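Single-structure report; data block below.
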Amino acid sequence: MLLSLSLSRRLLPHRHCALQCRNIKSENVARSAALDSVLSAFRSICGEDGVSLGEAVREQHGKDESVHRCRPPDVVLFPRCVEEVSALAKVCNNHHLPIIPFGTGTGLEGGVGAVKGGVCFSLRNMDQVLDLHQEDFDVTVEPGVTRKALNSYLRDTGLWFPVDPGADASVCGMAATSASGTNAVRYGTMRENTLNLEVVLADGTIIHTAGKGRRPRYTISVCTLKYAVLPSGGLNAIAFLFYLLSIFRKTSAGYNLTNLFVGSEGTLGIITKTTLRLYGIPEAVVSAVCSFPSVQAAVDSTVQVLQSGVPIARIEFLDDVMIDACNRFSSLSYPVTPTLFLEFHGSERSLEEQVNTTEDITQSNGGSDFQWARDAETRNRLWKARHDAWYAALALRPGCKAYATDVCVPLSRLPQIIVETKEDLIENRLTGPIAGHVGDGNFHCLMVVDPNDPEELHRVHLFTERLARRALTMDGTCTGEHGVGLGKRVLLCEEMGPMAIQVMQGLKDALDPKGLMNPEKILQPRVL
């Protein structure tokens, strides 16, 4: 009797374990059945070729160009039209599956990582230029169209799309991150150049942020008319055309939903079409490179050029470390000092005045070693250092990885923050050449880091936080164009304050009540 009771007691844990195993097995079967049901629904919408569970494909769609690494999505979908995106979103919404939109994966803040697993919507198969209105200077494109593909399509029309973030990013992805780049000082960012968006919300609803098919008309504003006026008092026709192209679209109809979604990084919806503002290809282009004795002198020149009304197209800054790296990498011979790269767009007559004004200003600030270029081949050679900056930085430490972080401050504070940042880099034994879109106060540190050195990675992380907070103390922003993603959520809270973050969370809850759209990006996860 006692033996039998003892044996029974010894068997109890085994019976409990067996019961647990049966429960787990039952849950796995239920989960597997649910997954099969969802996959079957996905395949019925976008076909067998439109659904991938392959490890390599999932890994590719779970990361971008940043140092942030997340788990890959559970499945990758390749929809071919907005109707398929809507139908797939409805399936995800019904099964509470996270949705992560994916363009080209060129982001820099971990914006496409599948933090909670879920479903990646890869939009590369939606790659059509849909509506081009040459006389109205606008075009509508699908999310798989990249900026280079768009400009290739426009080549024979006399028009171009100037927003250039460097990488050949998808145009809708550029809208999602509010990208800008080297031409922003003249042509603006994606916020100024996006006229309308088609967006699929988390529940599959399709909306048009400015109304379906709407392309608001232009309105005239005082801009660069100065360079369209001839000495005789008449108008230079080409220059006046560029003046007209520098004006803004006009509407006062309701809330600006378009700009709500520009920069939302896939957290509010999936952008499936964007209508963009186009510009006339300049009649003439002149480029220049100029060296300066100090950062202060280079920035003073920039401010004075802008204050003089010169409609400069690009004005880029490279510090001495970056110039030295570019000289080595591209076999160039620029003086190893702070350097400006400039570019002017316009008519032949207007460019002459722009160039003369700029040269006088830079010389008055100690600028030297001018190199001017008009023909495309020479201009490309002058810009080679700027275009190759990423690879030149990598070449400073072979075998290492590069990570770019950016901030933006008022122009008057730019010299101070660059000097303090360079001191910080030296003090913490970090390699971080500086390049920036100095015309709008935005600059980048191209951090070159050994990915296998945890201690160095930690120092880089602390440095990027100090840099962002330094920008905030100077009335700037923690990110000028890279976005928030995973990397700058805490900094966004510090920048915006709790009430603004609360409003953002309210908007997120209203448009995505289940929290399925690109979860844990921009806004921090709630503490339950």
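Here are a few things to note about the model shown:
- Residue match in segment 16-36 (condition: among the β-branched types (Val, Ile, Thr), under 27 Å from Lys90 (Cβ atoms) and either at pLDDT 55 or above or buried (at least 18 other Cβ atoms within 10 Å of the Cβ) (or both)): no
- Flag for Ala175 being of a type outside the set (D, E, K, R) and open to solvent by less than 10 Å² (accessible area, probe 1.4 Å): yes
- Candidate set: segment 133-152, residues that are surrounded by 17 or more Cβ atoms within 10 Å (Cβ to Cβ) and of a type in the set (Ser, Thr, Tyr); chosen: the one farthest from Pro216 (Cα to Cα): Thr146
- Among residues of segment 129-152 that are farther than 19 Å from His208 by Cα, those with a beta-carbon under 9 Å from a residue that is of a type in the set (Gly, Ala, Ser) and in a helix (DSSP H, G or I) at least six positions away or on a different chain give the pairs Thr146/Gly173.
- Of all the numbered requirements in (1) open to solvent by less than 10 Å² (accessible area, probe 1.4 Å); (2) within 20 Å of Asn183 (Cβ to Cβ); (3) not basic (Lys, Arg), Asp319 misses one, and that requirement is (2).
- Unique residue being modelled with pLDDT under 95, open to solvent by 10 Å² or more (accessible area, probe 1.4 Å) and closer than 13 Å to Cys120 by Cα when the list is Glu65, Glu59: Glu59
- Failed criterion for Asn327 (all others in (1) surrounded by fewer than 21 Cβ atoms within 10 Å (Cβ to Cβ); (2) touching a strand residue (DSSP E or B) at 6+ places or on another chain (Cβ under 6 Å); (3) not small (Gly, Ala, Ser) hold): (2)
- Test: residue in segment 466-476 that is open to solvent by 30 Å² or more (accessible area, probe 1.4 Å), of a type in the set (Val, Ile, Thr), in a loop (DSSP other than H, G, I, E, B) and without any contact (Cβ under 8 Å) to a residue 40 or more places away in the chain: no
- Selection of segment 254-282 for residues being surrounded by fewer than 24 Cβ atoms within 10 Å (Cβ to Cβ) and of a type in the set (S, T, N, Q) yields Asn256, Thr258, Asn259.
- Among the candidates Leu462, Leu492, residue that is over 30 Å from Pro311 (Cβ atoms), open to solvent by less than 60 Å² (accessible area, probe 1.4 Å), outside any strand (DSSP E or B) and free of Cβ contacts under 8 Å to residues at least 60 places away in the same chain: Leu492
The values are calculated or read from the model by the stated rules, or taken from the named source; none is laboratory data. As the structure is a computational prediction, the values presented were derived from the model and not from experiment. Note that each Cβ is placed from the backbone with ideal geometry, even for glycine, and that neighbours are counted across all protein chains shown. Remember, those area values only see protein heavy atoms, side chains included, never the ligands or the DNA or RNA. Shrake-Rupley method; radii C 1.70, N 1.55, O 1.52, S 1.80 Å.
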